[in-house]
1. In region 60-69, how many are over 10 Å from the mean Cα position of the chain (by Cα), in a helix (DSSP H, G or I) and of a type in the set (A, V, I, L, M, F, W, C)?
2. All but one of (1) touching a helix residue (DSSP H, G or I) at 6+ places or on another chain (Cβ under 7 Å); (2) farther than 25 Å from Asp4 by Cβ hold for Ile55; which doesn't?
3. Scan region 8-15 and tell me whether some residue there is of a type in the set (Gly, Ala, Ser), part of a loop (DSSP other than H, G, I, E, B) and within 21 Å of Gly66 (Cα to Cα).
4. So for region 21-37 (the condition being part of a helix (DSSP H, G or I) and β-branched (Val, Ile, Thr)), does at least one residue qualify?
5. If only one of Leu57, Leu5 is in contact with a Pro (Cβ under 9 Å, 6 or more places away or on another chain), surrounded by 14 or more Cβ atoms within 10 Å (Cβ to Cβ) and not in a helix (DSSP H, G or I), which one is it?
Amino acid sequence: MIGDLSFYGIYLPALALPLAMAYLASTALRALLSRTPFYRWVWHRALFNVSVFMIALQVAVRWTAGWFQ
């Protein structure tokens, strides 16, 4: 099947790996930024965190684009 990953016999959607990568990257960045006074300059922290996750997801999808063909 096109667009699926086989992980020890379990088929996962191809977006599962970039989602996991984006989650780990955004969590690490959120932990790093919470230790600095950066969030004082952010108007809405939750919206900022969602946008950081979306940017990390876009980077992860583009980075893993040709891996599963």
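Computed from the coordinates by the stated procedures, all read-outs in this text should not be read as laboratory data. Since this is a predicted model, take the numbers as computed values, not measurements. Note: ideal-geometry Cβ built from the backbone for every residue, glycine included; neighbour counts use all protein chains shown.
1. So the count comes out to 1.
2. Status for Ile55: all satisfied but (1).
3. Looking for residues that are of a type in the set (Gly, Ala, Ser), part of a loop (DSSP other than H, G, I, E, B) and within 21 Å of Gly66 (Cα to Cα), one finds at least one in region 8-15, hence yes.
4. Yes, the conditions are met somewhere in region 21-37.
5. Exactly one of Leu57, Leu5 is in contact with a Pro (Cβ under 9 Å, 6 or more places away or on another chain), surrounded by 14 or more Cβ atoms within 10 Å (Cβ to Cβ) and not in a helix (DSSP H, G or I), namely Leu5.
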